[in-house]
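Below: the structure, in structure tokens.
The values are calculated or read from the model by the stated rules, or taken from the named source; none is laboratory data. Only a predicted model underlies this, so the values are computations on that prediction, with no experimental measurement involved. Heads up, the Cβs are rebuilt from the backbone with ideal geometry, glycines too, and the neighbour counts pull from every protein chain shown. Please note that ligands, DNA and RNA were not included when accessible areas were found on the heavy atoms of the full protein model with its side chains. Shrake-Rupley method; radii C 1.70, N 1.55, O 1.52, S 1.80 Å.
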There are 2 protein chains.
Amino acid sequence: MENKKITLNADLLKERQKCTFNTLELTHLLDGGPENTIERREREAFFLDDPELKSSVPTEYLSHKDKYEEAVRVSCLIFRKVLHLQEQGKVGITNFREILGGELGSSIMKDGNPLTLHYVMFIPTLMGQGTYEQQAEWIQKAWKCTMIGTYAQTELGHGTFIRGLETTATYDPETEEFIINSPMLTSYKWWPGGLGHTANYAIVVAQLNTLGKCYGIHPFVVQLRDEETHLPLPGIKIGEIGCKLGMNSTNNGYLGFDNVRIPRKQMLMKNNKVLKDGTYVESPSSKLTYGTMMFVRVVLVQDVANYLKKAVTIAVRYSCVRRQSQLKPDEPEVQIIDYITQQHKLFPIISTYFAFHYCATWLWDMYNNVNSELEAGQLNQLPELHALACCLKAISTSDSASGVETCRLACGGHGYMTSSNFPATYGLVTAMCTYEGENTVLLLQTARFLMKAWQNKIEKLQLTPTVLYLKTAKASNFVYTRSINWIIAVLQQVAAGKIELTWNHMNERIKKGVSVEDAWNHTSIELVACAEAHCRAFVVSRYCSEIMRLKDTVSESLRIVLVQLLHLYGVSTAIKCLGDLLRFSGTTADNIDDLQKWLEELLALIRPNAVSIVDSFDLRDEVLSSTLGAYDGNVYERLFAEAAKSPLNTEPVNKSFQQHLKPFLKSQL
Amino acid sequence: MENKKITLNADLLKERQKCTFNTLELTHLLDGGPENTIERREREAFFLDDPELKSSVPTEYLSHKDKYEEAVRVSCLIFRKVLHLQEQGKVGITNFREILGGELGSSIMKDGNPLTLHYVMFIPTLMGQGTYEQQAEWIQKAWKCTMIGTYAQTELGHGTFIRGLETTATYDPETEEFIINSPMLTSYKWWPGGLGHTANYAIVVAQLNTLGKCYGIHPFVVQLRDEETHLPLPGIKIGEIGCKLGMNSTNNGYLGFDNVRIPRKQMLMKNNKVLKDGTYVESPSSKLTYGTMMFVRVVLVQDVANYLKKAVTIAVRYSCVRRQSQLKPDEPEVQIIDYITQQHKLFPIISTYFAFHYCATWLWDMYNNVNSELEAGQLNQLPELHALACCLKAISTSDSASGVETCRLACGGHGYMTSSNFPATYGLVTAMCTYEGENTVLLLQTARFLMKAWQNKIEKLQLTPTVLYLKTAKASNFVYTRSINWIIAVLQQVAAGKIELTWNHMNERIKKGVSVEDAWNHTSIELVACAEAHCRAFVVSRYCSEIMRLKDTVSESLRIVLVQLLHLYGVSTAIKCLGDLLRFSGTTADNIDDLQKWLEELLALIRPNAVSIVDSFDLRDEVLSSTLGAYDGNVYERLFAEAAKSPLNTEPVNKSFQQHLKPFLKSQL
């Protein structure tokens, strides 16, 4: 954005003067400490202040091909910088996501980075599933970026149901090679980022066949292109899959195999192995690969929360700058944030960011816990982690996708402009509803855990921590008070009530002679609703615990704001499921009336701090990349400046006038 | 789509064999008679069989500028064909929308048509607001397309609140001219389609000032560009606004005025006038312009229903072709349409199309009624039409937008492909939530009507037909039966209950001393909910009446299907607002259990006919423009064929390898 002399928008200035807390304190809190804030800002400056990383024309004006070529230019520069940081020990596997795909990365390359999967999937899989020897061979090359890898799992015919993948890797003991094939059109790999024209290696997930038997899917390292010429190797059929709703610079590709031979040692064998003679040796615990697979799902929750944070920052600032219509005839037009309907659209989204942020932190800790236990051979926490990762991924991505759209629509027509950055953000976020496990499928996996938990409850067996509430919730009658604890209690009652009812419905079907599988399918609308109810109760209670834990470490002025947001999240969640509250808890019509009043009061309490809360997210203008959301609030100037960059605007008359329009107009005379 | 030899997908074939009704009968019914079907098909063939209208490369691969140039080429061809049809008397003002912007138009130009507003806004405004003399001068030119117009209303700073527009037209009696100006940056026109580089004339809406007084907004015909050179005329600052979420070929533009003078007679003066000496003469009824303004909002409901029809056709067909995962270990993978969760996503959307289709027809008839009454000076039905047009526009566009996204997400990753045609469809549909009146603003207008109606009810004054239920709904206690009549009754109870409660809440505020305006604002969350509840009750009851009316004219086999769909729509609507049902009607937990069972039974009943119902929509493959939704179901072949069209796939190695990637990889060795 070119702003030679920065003048702050007067309305935004006034908003900032109303702030009742220290924004820097909140920034530090969200970063996890002042040192992290400094580090993050340094990292951002290192990338965002580099003029070489900026494209001369906004990429949205480019053709699909030019977009890709520009993306390769920029992503190579980013990788050079990453390597530089690596050498200084300033970057590790957790930062990669942020720089390449997350908050920072998506601001440098709004439409995706064709090299991302190298760090985000290729290297982690080598590390997680390769033997020490294999790691020794590949990791050095991969870290140094003398090879570029991607991760090829999804096929044209199979996504979330990975057991159904069709690509085959058949072992030939004579040559000690695997022969990789795509038996059908649907067996082509389809979707992997960077696969089209960028990566020269891939981890390929294929059905392993040896000595006439299929052992299910396993990972193989396959070279795709010649290192010197980049030409596809023999038997490799490769290309890109075409334009998409978003992420058009990620170079998603397809890949088919026609008798491609690779050495036996290119199967990643940390867990299961194929010996020289073709003998398959199963790992003592097949679940060991499971922890690694969950990694992406776990970090996704934080990623998606960050996108939501971006969107709501843009919408809140714009809503203070934008004035529209009058409330009273003699008064000036109103800042649209003063419409209660606008507050009702945006403020709950601010609190949703906090809720997901704290759930993501918790999930990340639990993941690390479970992973260390796995290394020690303990598997007992795994089902609970799986159940929570599934529903949190599903709920956080779908709520965030609709949250981003709510923010966009709340900005009216200007939200529809590419320069608002809502369209690209939505493109990134809505994709997450599908990849790494389609949301409905994931919710049904959580539901399976919940049905088992209810069975355990009936059989008086032990319940794991996150479903302990099933024991007590239903029996109690919680007297209404305006409190987050009441909300948590009734949300748990709702979840328990739904789980019980669904369990009953399913078992009625089974008793009538319906097979277990069909009964499951026929009850699945309710099963999905169980998983959602369980997840929502979990999120509110998790969010609440984190805020309570902070109580003594933050200033009183900040604590007040944090608690208001928590309450707003709780009340909004409760009001969204009033029907469930009335059905499954003792909630009365009067309680609902009071919840509505509480909601309205909370909106009014948050109103003066709204801009300061989003300011505390400390998102640089380049990270927001939005004409509507910049710190200075010069919305209209920016919209104009961006329009001026359209190549169509470089000439007063487009050639199509002489070519097509004039001949047409004149032909009618 | 190139399909040399068409082989029907076996699963789709089987689906079609299960059909229990005559699909052609349903096609005729939806078209409004067999003759309309024939006419529509002829019109479609006339456009879609013309090879010149097809772009050689899918436009999504082009640069923004190339997209525009291709759009001008194609739109001129379309206009030539439209003129040809006009000469034959085969096209009128109602078809224009369909050909240029609606179902047919959006399939020829998926990303919008820069000439659309000429027929859709420019000509209708000339006709509606021009005097006979003005019509004589302009209409001939406009019909013949020797001038191309657009409609410039929205500004950078003002959208839905048109009273706040800032462009001024100041009358100068000495020269008998208006002087048009954009006093501020925010006064620039912003958004009009075709304004950037295409149109040479515009109807400009500006604040009329004469003899020192401002008379509010009025329409003026302004020439923008020289007819020979297409250069902007002096004082005209014009260009395009840049990329957007969708509709990137519509050439939305900006427009600023610097003392642009136009003759007095270029103010459209059918209603209000400015005389030579500058005297302002007001029309006897200022509401006369109102009917015309509502036109677009009214037709929008049918437009958006048509897009939804397209989306659900694609999703239903794909769901029969796609097989994924197993329900039982020994059985083949399941057609995903056999998952009840998938049926629950898609089948209610089929019924939503029917509901909006019938509401649109009704609204169109009422609009025509009211318009003829207006011509006769009768205004009494206008508020009711306005209230219904507002909420139907809001609910139909927002339900359709989320419906299109549900369809897309139900198709998993492939739905994210541009070639699925979901992204462009969503781009068109979600825009409708904002233009022609932002949805929340519109719902609040309906709410204003409802508050007044409740006041009338209290004061025992007469109630208009669509709010008659306010009198009786609350008092009654409807015994549950599985029937659409019960659903309508309780939905009306819900609406009446909410309206009463909201009226009370607002008046409590006023009694406490809050100003009427602030009380309105503070109650607005509930006001929006009132409008929505009223609208939903109306839609179900309208839909029901239409199906009941058809009863004797359609075959029994079709009637059964139509009633199933009606019931599904009713039950889905009821289940979505369970909380309201429990709060405002006598609905019990047992009733809810039964509604859930009814829902599940209806899904099962509709299942065998699902494909045949969408087949009856009779959408040509070119209209669907989707790799996933074509009639033959060759989904995977089409995905591949479309990917092959990517310019990136014409060469095995992209030049960025030599330019950027190789130097980077090698530098690390």
- Query: If you go through the stretch A:428-438 one residue at a time, do you hit one that is in contact (Cβ under 8 Å) with a residue 40 or more places away in the chain, outside any helix (DSSP H, G or I) and over 20 Å from B:Ser402 (Cα atoms)?
  - Reply: yes
- Query: Picking from A:Thr406, A:Thr397, which residue would you name as being hydroxyl-bearing (Ser, Thr, Tyr), over 22 Å from A:Val441 (Cβ atoms), modelled with pLDDT of 95 or more and in contact with a helix residue (DSSP H, G or I) (Cβ under 7 Å, 6 or more places away or on another chain)?
  - Reply: A:Thr406
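What are the residues in the stretch B:417-434 that are more than 18 Å from B:Ala394 (Cβ to Cβ) and facing chain A (nearest Cβ under 7 Å), if any? I'd like the intermediate steps shown before the answer.
Just the residues of the stretch B:417-434 that are more than 18 Å from B:Ala394 (Cβ to Cβ), to begin with: B:417-425, B:427.
Passing the criteria: B:Met417, B:Thr418, B:Ser419, B:Pro423.
Among the residues of the stretch B:613-632, are any under 30 Å from B:Leu30 (Cα atoms) and within 11 Å of another protein chain (Cβ to nearest Cβ)?
Within the stretch B:613-632, one or more residues are under 30 Å from B:Leu30 (Cα atoms) and within 11 Å of another protein chain (Cβ to nearest Cβ).
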- Query: What are the residue pairs meeting all of these: first residue in the stretch B:76-89, first residue facing chain A (nearest Cβ under 8 Å), second residue open to solvent by 10 Å² or more (accessible area, probe 1.4 Å), Cβ atoms under 6 Å, and 6 or more apart or on different chains?
  - Reply: B:Cys76/A:His660
- Task: Please work out which residue is farthest from the other protein chains (Cβ to nearest Cβ), limiting yourself to the stretch B:180-222 and to residues that are assigned to a strand (DSSP E or B) and of a type in the set (S, T, N, Q).
- Result: B:Thr210
- Query: Quick one: would you say A:Asn380 is in contact with a Gly (Cβ under 7 Å, 6 or more places away or on another chain), surrounded by fewer than 24 Cβ atoms within 10 Å (Cβ to Cβ) and among the polar types (S, T, N, Q)?
  - Reply: no
- Message: Among the residues of the stretch B:495-517, are any under 19 Å from B:Ile484 (Cα atoms) and either in contact with a Ser or Thr (Cβ under 9 Å, 6 or more places away or on another chain) or open to solvent by less than 30 Å² (accessible area, probe 1.4 Å) (or both)?
- Response: yes
- Which members of the stretch B:18-28 meet the condition of being within 24 Å of B:Ala604 (Cα to Cα) and open to solvent by 40 Å² or more (accessible area, probe 1.4 Å)? B:Lys18, B:Thr20, B:Asn22, B:Thr23, B:Leu24, B:Glu25
- Item | Matching residues in the stretch B:653-666 - criterion: being facing chain A (nearest Cβ under 7 Å) and farther than 14 Å from A:Glu69 by Cα | B:Phe664, B:Leu665
- Message: Taking the conditions exactly as written (in the same structural domain as B:Ala401 (by TED's automatic domain parsing), over 30 Å from B:Pro192 (Cα atoms) and in a helix (DSSP H, G or I)), does B:Leu442 satisfy them or not?
- Response: no
- Message: Of everything in the stretch B:435-460, what is of a type in the set (Phe, Trp, Tyr), more than 13 Å from chain A (Cβ to nearest Cβ) and either within 30 Å of B:Gly112 (Cα to Cα) or open to solvent by 30 Å² or more (accessible area, probe 1.4 Å) (or both)? Give them in sequence order.
- Response: B:Phe449
- Message: Looking for something over 25 Å from B:Ser402 (Cβ atoms) and away from chain B (no Cβ under 14 Å) - is there at least one such residue anywhere in the stretch A:315-329?
- Response: yes
- Please state which of the following conditions B:Gly128 fails to meet, knowing it meets all the rest: (1) within 19 Å of the chain's Cα centre (by Cα); (2) modelled with pLDDT under 90; (3) open to solvent by 10 Å² or more (accessible area, probe 1.4 Å). (1)
- Item | Extreme residue, farthest from the other protein chains (Cβ to nearest Cβ), among residues of the stretch B:577-591 that are open to solvent by 30 Å² or more (accessible area, probe 1.4 Å) and farther than 17 Å from B:Gly497 by Cα | B:Asp590
- Query: If you go through the stretch B:332-365, how many residues are of a type in the set (D, E, K, R) and more than 9 Å from chain A (Cβ to nearest Cβ)?
  - Reply: 1
- Message: Just to check your reading of the model, which residue among B:Glu176, B:Glu228 is open to solvent by 50 Å² or more (accessible area, probe 1.4 Å) and touching a Lys or Arg at 6+ places or on another chain (Cβ under 7 Å)?
- Response: B:Glu176
- Scan of the stretch A:47-85 for residues that are over 15 Å from B:Pro663 (Cβ atoms) and of a type in the set (A, V, I, L, M), ordered by number: A:Leu48, A:Leu53, A:Val57, A:Leu62, A:Ala71, A:Val82, A:Leu85
- Does B:Tyr254 fit the bill of being closer than 22 Å to B:Trp138 by Cα, in contact with a Phe, Trp or Tyr (Cβ under 8 Å, 6 or more places away or on another chain), among the aromatic types (Phe, Trp, Tyr) and not assigned by TED's automatic domain parsing to the domain that holds B:Met366? no
- Query: Taking A:Leu245, is it without any contact (Cβ under 8 Å) to a residue 60 or more places away in the chain, open to solvent by 40 Å² or more (accessible area, probe 1.4 Å) and within 14 Å of another protein chain (Cβ to nearest Cβ)?
  - Reply: no
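Conditions tested, residue by residue: (1) modelled with pLDDT of 95 or more; (2) of a type in the set (A, V, I, L, M); (3) surrounded by 16 or more Cβ atoms within 10 Å (Cβ to Cβ).
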residue: A:Pro232; (1), (2), (3): yes, no, yes
residue: A:Leu255; (1), (2), (3): yes, yes, yes
residue: A:Asp277; (1), (2), (3): yes, no, no
residue: A:Ser286; (1), (2), (3): no, no, no
residue: A:Thr289; (1), (2), (3): no, no, yes
residue: A:Thr292; (1), (2), (3): no, no, yes
residue: A:Leu300; (1), (2), (3): no, yes, yes
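Per-residue answers, yes or no, for (1) more than 16 Å from A:Lys328 (Cα to Cα); (2) within 11 Å of chain A (Cβ to nearest Cβ); (3) not hydroxyl-bearing (Ser, Thr, Tyr):
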site: B:Gln493; (1), (2), (3): yes, no, yes
site: B:Asn504; (1), (2), (3): yes, yes, yes
site: B:Asn507; (1), (2), (3): yes, no, yes
site: B:Ile510; (1), (2), (3): no, no, yes
site: B:Val516; (1), (2), (3): no, yes, yes
- Task: Might you check whether a residue that is over 18 Å from B:Val623 (Cα atoms), in contact with a Phe, Trp or Tyr (Cβ under 6 Å, 6 or more places away or on another chain) and not assigned by TED's automatic domain parsing to the domain that holds B:Thr250 occurs anywhere in the stretch B:68-79?
- Result: yes
- If you check B:Glu508 against the conditions, is it more than 31 Å from the chain's Cα centre (by Cα) and not hydroxyl-bearing (Ser, Thr, Tyr)? yes
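Return the residues of the stretch B:362-374 that are of a type outside the set (Val, Ile, Thr) and under 14 Å from B:Phe295 (Cβ atoms); say none if nothing qualifies.
B:Leu363, B:Trp364, B:Asp365, B:Met366, B:Tyr367, B:Asn368, B:Asn369, B:Asn371, B:Ser372, B:Leu374
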- If we scan the stretch B:362-370, do we find a residue that is under 20 Å from B:Ala537 (Cβ atoms) and open to solvent by less than 20 Å² (accessible area, probe 1.4 Å)? yes
- Message: Given the options B:Leu669, B:Leu599, name the one that is within 12 Å of chain A (Cβ to nearest Cβ) and open to solvent by 10 Å² or more (accessible area, probe 1.4 Å).
- Response: B:Leu669
